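Take a look at the structure below.
The values are calculated or read from the model by the stated rules, or taken from the named source; none is laboratory data. Keep in mind the model is a prediction, meaning the values are calculated, not measured. Glycine also receives a Cβ, built like all others from the backbone with ideal geometry; neighbour counts cover every protein chain displayed.
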């Protein structure tokens, strides 16, 4: 039947290429929508303006932050927020409700990879818009230093990939809850509200009430926006950076275990009752 | 007129009974709203941390702005989005045909057909914050301030309606606009703060280009007795202009409506 | 190829009374009921066979297909398809089967269908040469050349269904589960799809289970039919045999040259309908040729046709019988 058998590696590479190509084309069609969706993450930019206003009113600095410090922090926070966007909970919910999830299950590939690839390719379409906004912000507010050094940039890329993986898997877990709940996407919105509040989009965590800081350290939220942003603008010593990366890996492992369990249980449940 | 009121009540009964199906949603949304308000209050506390002032507003005065913001956020979700976001769907699938054939005003029908009671708690919470924050201020508002405040809230609603309606109506030309209202929401989120906290040109932008200030700050000014005379006239002007524009825009859009063929 | 023994599937469903009061009531307390969607079904299907699955909405057809394709786990009983237990969903099993459900698309909406085909090629690990040959074949059979490069959302329903079929069969599955493959299509397109399925079955000796609302799909494609009602099989066998057992008579339609009194006509056979010059007789199968000869000889016949009663009617009869037996 098969004329020339292919190695498993070659097969995987072909699948990657095919999915990447198709979804990149798809996301390019949707570039206008993507641009509009970017606006749902304006909070850091609004806060940027508010804090600069506060700094000006206070005569230059608030809590040791000058206008350009705020600019660097919030632009980095906005950039990080944009890089970790994940809507996979909605996708899964929609697919289950429309019945298209069935046909995804019938293909000899885990639907995870299709969703993952959608998000990766979308980042390529979103990228230029993000860079434009960040560049504009840096130019408009004089003295803003967004990237501390090439080394910081490299570590930031690693940190933001880990942050995306955490956010994506959380969204995926919430999406899988659609097997049991009527509309689990509301939970994803809940997550979003919490993350705006607690991830450092409102203010650098240094400004948060003292009693709240230690609690935040035990939640994943600061590790997907605040800490990556701090890494990029060079406000963390290298020892602290190492700790952040380690905690990110721990979170990723925890959520991955949860994800595997939900996937197995969800498949069994879907098999038992359908959609 | 009574006919329109009866229609509204029938529509609402029907959509309410559809929504009670989703009780989990109801609870989750309630939690979400409370968290969101707590988050915003936390934001205010953090911002006020050192200066004890936010663009000349005290904590409680700024909380009135937050209350108005939450109120309109709720009203948008309660009454505007569930109707106006369907215009795009109607144009794409061709069900707009049926709407246009009904013997009542088509703008009324697309504007007041559904209600999303899931968002009612937001509205109540917004009102609650306004009342609470106003009661905390040293001087209680007199009857004049109160009625001015209500008048300005009505103006604000007209402004929100006009903007949202026109954005949704662009569906007649661009079919895929289901998320175009994010264009407005992205800016509207700035309305949870008094407009005076923003530096120079951003303030001008939010006052005269995208009139966020007239939606949250100005009504809050009236309720806290900080209103300037001029603002009232400008607010009335904006409200009238946007209502008129929405009417004109709808008729203009209908003229270029090409019914979906398949 | 397919073996099914005592397959069962039970669901619990929430019920709600109509109106606002009912909604309020179920908001606080849900009524729950167990439905036996499939209730002890057994059959075997040989390689290359095409079987029609008939039954009313909710009779359990789709649920059975979903169990056979591994989407649903049976509540009881067992199923084997091509030697696999479907619910284990092994990669090799998934490469052996396909399930087509109406217009539920696996095509990417905003891209040309060709892009979706390339994705499927990679996912099903189809070598290039084989892919090209299959595509060529499908393009010819389904007349796809003008369609492949258009955005899926711009295709007509029929064109989309053709692409859907091609995408679902690209990996040349040995077992096809087709749930309403022609729903919503016009008659020409229905015929087209039918011919394609028949050709595919011929060429690859594929086993096919087909459900359809259009009896014509079934009569054109399937020798054997399985009729289900309320989750149980009420008939499994040859379509032709079904016609004979359930309907022992044929319909003989005559057009006369001049009017003949009813009493004279009644002597030949029982009359189903008489309207001026047109008569319809119901004639027992065994006597059809004798009766026809006699009628032609003795009456002024302008035209004569002999037909089976419409199949919908026969199936309908089958349901009434089955229900009557249950009630007794």
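Per-structure values
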{"item": "Test: residue in region B:62-75 that is more than 18 Å from the chain's Cα centre (by Cα), over 19 Å from residue B:165 (Cα atoms) and modelled with pLDDT of 80 or more", "result": "yes"}
{"item": "Helices (runs of 4 or more DSSP H) enclosed by region A:110-214 - at least 1 residues per element that are in contact with a strand residue (DSSP E or B) (Cβ under 9 Å, 6 or more places away or on another chain) and within 19 Å of residue A:245 (Cα to Cα)", "result": "none"}
{"item": "Residue that is nearest to residue C:172 (Cα to Cα), among those in region C:85-96 that are more than 7 Å from chain A (Cβ to nearest Cβ) and surrounded by fewer than 22 Cβ atoms within 10 Å (Cβ to Cβ)", "result": "C:96"}
{"item": "Residue check, residue C:140 more than 25 Å from residue C:80 (Cβ to Cβ) and away from chain A (no Cβ under 14 Å)", "result": "yes"}
{"item": "From the options A:18, A:32, A:77, A:89, residue that is part of a helix (DSSP H, G or I), in contact with a helix residue (DSSP H, G or I) (Cβ under 7 Å, 6 or more places away or on another chain) and either within 11 Å of chain B (Cβ to nearest Cβ) or over 30 Å from residue A:266 (Cα atoms) (or both)", "result": "A:77"}
{"item": "Region A:151-177, residues that are over 10 Å from residue A:84 (Cβ atoms) and without any contact (Cβ under 8 Å) to a residue 24 or more places away in the chain", "result": "A:151, A:154, A:157"}
{"item": "Condition met for residue C:267 (exposed (fewer than 13 other Cβ atoms within 10 Å of the Cβ) and touching a residue at least 12 places away in the same chain (Cβ under 8 Å))", "result": "no"}
{"item": "Selection count where residues are surrounded by fewer than 11 Cβ atoms within 10 Å (Cβ to Cβ) and either part of a loop (DSSP other than H, G, I, E, B) or without any contact (Cβ under 8 Å) to a residue 24 or more places away in the chain (or both), scope region C:291-313", "result": "2"}
{"item": "Qualifying positions in region C:97-133 - farther than 19 Å from residue A:15 by Cα and assigned to a helix (DSSP H, G or I)", "result": "C:133"}
{"item": "Residue list for region A:222-235, restricted to those being surrounded by 21 or more Cβ atoms within 10 Å (Cβ to Cβ) and in contact with a helix residue (DSSP H, G or I) (Cβ under 6 Å, 6 or more places away or on another chain)", "result": "A:222, A:223, A:224, A:225, A:226, A:227, A:228, A:229, A:231, A:232, A:233"}
{"item": "Residue C:189 vs. criteria surrounded by fewer than 21 Cβ atoms within 10 Å (Cβ to Cβ), on the phi < 0 side of the Ramachandran plot, over 14 Å from the mean Cα position of the chain (by Cα) and touching a residue at least 24 places away in the same chain (Cβ under 8 Å)", "result": "yes"}
{"item": "Set A:94, A:101, A:124: member being surrounded by fewer than 19 Cβ atoms within 10 Å (Cβ to Cβ) and within 14 Å of chain C (Cβ to nearest Cβ)", "result": "A:94"}
{"item": "Residue match in region C:162-177 (condition: away from every other protein chain (no Cβ under 14 Å) and without any contact (Cβ under 8 Å) to a residue 24 or more places away in the chain)", "result": "no"}
{"item": "Subset of region C:224-264 [loosely packed, with under 13 Cβ neighbours inside 10 Å and farther than 30 Å from residue C:55 by Cβ]", "result": "C:257, C:258, C:259, C:261, C:262, C:263, C:264"}
{"item": "Any hit, region B:194-201, residues being more than 20 Å from residue B:152 (Cα to Cα) and in contact with a strand residue (DSSP E or B) (Cβ under 7 Å, 6 or more places away or on another chain)", "result": "yes"}
{"item": "Filtered residues of region C:105-137 (kept if more than 12 Å from chain A (Cβ to nearest Cβ) and more than 20 Å from residue C:95 (Cα to Cα))", "result": "C:136"}
{"item": "Close pairs (6 angstrom Cβ cut-off, 6 or more residues apart or separate chains): facing chain A (nearest Cβ under 7 Å) in region B:182-203, at pLDDT 90 or above and outside any helix (DSSP H, G or I) anywhere", "result": "B:190/B:212"}
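Rundown of residues vs (1) more than 23 Å from the chain's Cα centre (by Cα); (2) facing chain A (nearest Cβ under 10 Å); (3) modelled with pLDDT of 80 or more, yes/no style:
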position	(1), (2), (3)
B:3	yes, no, no
B:6	yes, no, no
B:46	yes, yes, yes
B:55	yes, yes, yes
B:79	no, no, yes
B:86	no, no, yes
B:95	yes, no, no
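For (1) more than 20 Å from residue C:152 (Cα to Cα); (2) surrounded by fewer than 18 Cβ atoms within 10 Å (Cβ to Cβ); (3) modelled with pLDDT under 90; (4) not assigned by TED's automatic domain parsing to the domain that holds residue C:185, each residue gets a yes or a no:
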{"site": "C:83", "(1), (2), (3), (4)": "yes, yes, no, no"}
{"site": "C:103", "(1), (2), (3), (4)": "no, yes, yes, no"}
{"site": "C:119", "(1), (2), (3), (4)": "no, no, yes, no"}
{"site": "C:128", "(1), (2), (3), (4)": "yes, yes, no, no"}
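Yes or no, residue by residue, for (1) in contact with a helix residue (DSSP H, G or I) (Cβ under 7 Å, 6 or more places away or on another chain); (2) crowded, with 18+ Cβ neighbours inside 10 Å; (3) not in a loop (DSSP other than H, G, I, E, B):
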position	(1), (2), (3)
C:52	yes, yes, yes
C:56	no, no, no
C:59	no, yes, no
C:70	yes, yes, no
C:74	yes, yes, no
C:77	no, no, yes
C:80	no, no, yes
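Conditions tested, residue by residue: (1) in a helix (DSSP H, G or I); (2) farther than 21 Å from residue A:147 by Cβ.
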| site | (1), (2) |
| --- | --- |
| A:222 | yes, no |
| A:227 | yes, no |
| A:234 | no, no |
| A:244 | yes, no |
| A:256 | yes, yes |
| A:262 | yes, yes |
| A:267 | yes, yes |
